[in-house]
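The values are calculated or read from the model by the stated rules, or taken from the named source; none is laboratory data. Given the structure is predicted, the values throughout are model-derived calculations rather than measurements. Glycine also receives a Cβ, built like all others from the backbone with ideal geometry; neighbour counts cover every protein chain displayed.
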Amino acid sequence: MKQPPVIVVLGLHRSGSSCLAGVLHKLGICMGKRMGGYEESGGYEAKVVTSICEDTFPFGSTKRHQPHAKVQNRLVKHFAGVQEHVDNQGDYYRVGVKYPSLCAMHVELLKVCPDLRIVHARRPLAESIKSLQSRSAKCTGMLGISADKAESLQRFLDREKAKFMRQVPQDRVCHVNYEDLLTDTRATVAKLVRFLEIAPTAKQLEGAVRHVDPAQRHFVVDPSDQQQDKPSDVSHAIRGNIKNMEPRWNPNHNINAEQDIFKKLKVCIIRLRRGVRVKETWPIFDKMVKDHLEFFIDQLNSRWLVSILDTYIDHGTPTEQRSAATIVAIMNMERFSATSKPKHFGKNMWDGLETVSKRRDADGHINFMERLGRLLAQDEFLVPIMSYLLNTAASNPQSVISSWNRVSSRNTHGDMNRAFGRGVKDGKKNEHPRTTSLHILDWTKVATD
């Protein structure tokens, strides 16, 4: 019987690959029988794989020390052993593997596992370089390499990773942004589950969310590393580098500077999305937005303003919920329209907004339909009208809803019609998705501090 494809976590040192491998292991992707790693929580690197990789590319080296054939034989033996372990255990679905130097071992991996799947840990190269340099400065022995050597190693792995990615069809690759893993863990885990086509238990899903610690991010991209003009003032820095601000500030701290305001806002959004300390965090978020509304409109891009509106849909007063949903509906219309015109827009639209990748990110419309269902749940006479309109549109193969349902039907979270129905059901129960369950995957509860 043909074995399921091996899942390869592909990422540089300090790219979030250890955290991502841990999430996959919690979801039921067996990363190895005996594991280790640099991180305190474990790097989820099989010790056999560590040995193979270090024998082939000793840490800090960009020169191969083992021939392809020998590495292939060792990988075959390792994967066979882990697959046997998976077959004998009830908690695992697939075999996984993770180690940074696997980026440079595409010849062996594609030979051994021609139908492999890649989960790509994506973090800005400049951040990964700085993070490895910082770690190396604190280490002695093998891990204590110079800053120049750390940079050379990261750039080498980045080039090799690009070669690897070009040889694998894009429908067998799931890109996971480090930023999204930290700030929108729930949606990222849902995306992984759909890509892997697995059905983890509620306990496994909860463990995967709990595994992620947003406070782990310590380095952000400096504009000079991106070959941009250095910002002349704080306000410009916030707008130009908004995606890379460090979300590790306490929202209860006094607001004294513009950077503080945004960092506190970001922490609040992280907590509210993950259902962490909602009763404590929501009043802080609400007051912050209303007290500094002009600043946010002036300094934040459209992507972040929509994120604020999404938060009001989930937690605001009934009037705020409906008003925010109206605005978000208009912006979603723009995103769907731009997505259907790839030649005009590509991935990026304007002011931080992006088109939606049907292949990898087909959950934004599902989240929005669930929100609409919850909002309309108390207006019983409107629900049948909305249901009829959705069903009619879905039956027309030329409609946007029909197009997106065809994508969704291949995923675990269902289509837009069913998403709306789930939202209505939850709304009638007066349940809140961020404090009770993660409805897309029927999770029983979310991670709390």
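Of the residues making up the stretch 62-70, none is closer than 24 Å to Val209 by Cβ and either hydroxyl-bearing (Ser, Thr, Tyr) or modelled with pLDDT of 95 or more (or both). Against the numbered list (1) under 27 Å from Lys33 (Cα atoms); (2) within 24 Å of the chain's Cα centre (by Cα); (3) surrounded by fewer than 21 Cβ atoms within 10 Å (Cβ to Cβ), Pro124 comes up short only at (1). Taking the numbered list (1) modelled with pLDDT of 90 or more; (2) part of a loop (DSSP other than H, G, I, E, B) in turn, Leu102 passes all entries but (2). Checking His85, His13 one by one, the residue that is at pLDDT below 95, more than 30 Å from Lys149 (Cβ to Cβ) and either hydrophobic (A, V, I, L, M, F, W, C) or out of contact with any Asp or Glu (no Cβ under 9 Å at 6 or more places or on another chain) (or both) is His85 and no other. Kindly indicate whether Gly81 is within 20 Å of Pro5 (Cα to Cα), free of Cβ contacts under 8 Å to residues at least 60 places away in the same chain and either of a type outside the set (Asp, Glu) or part of a loop (DSSP other than H, G, I, E, B) (or both). So Gly81 fits the description; yes.
Of the residues making up the stretch 171-183, those that are surrounded by fewer than 19 Cβ atoms within 10 Å (Cβ to Cβ) and farther than 17 Å from Arg117 by Cβ are Asn177, Asp180.
This table checks each residue for (1) more than 10 Å from the chain's Cα centre (by Cα); (2) more than 20 Å from Lys111 (Cα to Cα); (3) not basic (Lys, Arg).
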position	(1), (2), (3)
Lys149	yes, yes, no
Arg155	yes, yes, no
Lys161	yes, no, no
Asn177	no, yes, yes
Arg186	no, yes, no
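Inspect the stretch 49-63 for any residue being surrounded by 15 or more Cβ atoms within 10 Å (Cβ to Cβ) and in contact with a strand residue (DSSP E or B) (Cβ under 8 Å, 6 or more places away or on another chain) and give the result as yes or no. Taking every residue of the stretch 49-63 in turn, at least one turns out to be surrounded by 15 or more Cβ atoms within 10 Å (Cβ to Cβ) and in contact with a strand residue (DSSP E or B) (Cβ under 8 Å, 6 or more places away or on another chain). Which of the helices (runs of 4 or more DSSP H) found entirely inside the stretch 287-343 contain at least 2 residues meeting this: closer than 22 Å to Arg274 by Cα and either touching a Phe, Trp or Tyr at 6+ places or on another chain (Cβ under 7 Å) or of a type in the set (Ser, Thr, Tyr) (or both)? Passing ranges, in order: 302-315, 318-339.
Within the option set Gly43, Gly22, being under 30 Å from Thr201 (Cα atoms), assigned to a loop (DSSP other than H, G, I, E, B), within 21 Å of the chain's Cα centre (by Cα) and in the same structural domain as His211 (by TED's automatic domain parsing) holds for one residue only, Gly43.
Conditions (1) aliphatic (A, V, I, L, M); (2) over 20 Å from Gly352 (Cα atoms); (3) at pLDDT 85 or above; (4) surrounded by fewer than 19 Cβ atoms within 10 Å (Cβ to Cβ), marked per residue:
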{"site": "Lys290", "(1), (2), (3), (4)": "no, yes, yes, yes"}
{"site": "Asp298", "(1), (2), (3), (4)": "no, no, no, yes"}
{"site": "Trp304", "(1), (2), (3), (4)": "no, no, yes, no"}
{"site": "Thr311", "(1), (2), (3), (4)": "no, no, yes, no"}
{"site": "Asp314", "(1), (2), (3), (4)": "no, yes, yes, no"}
{"site": "Thr319", "(1), (2), (3), (4)": "no, yes, yes, yes"}
{"site": "Val328", "(1), (2), (3), (4)": "yes, no, yes, no"}
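Checking each residue in the stretch 131-165 for being in contact (Cβ under 8 Å) with a residue 12 or more places away in the chain and part of a loop (DSSP other than H, G, I, E, B) picks out only Ile145.
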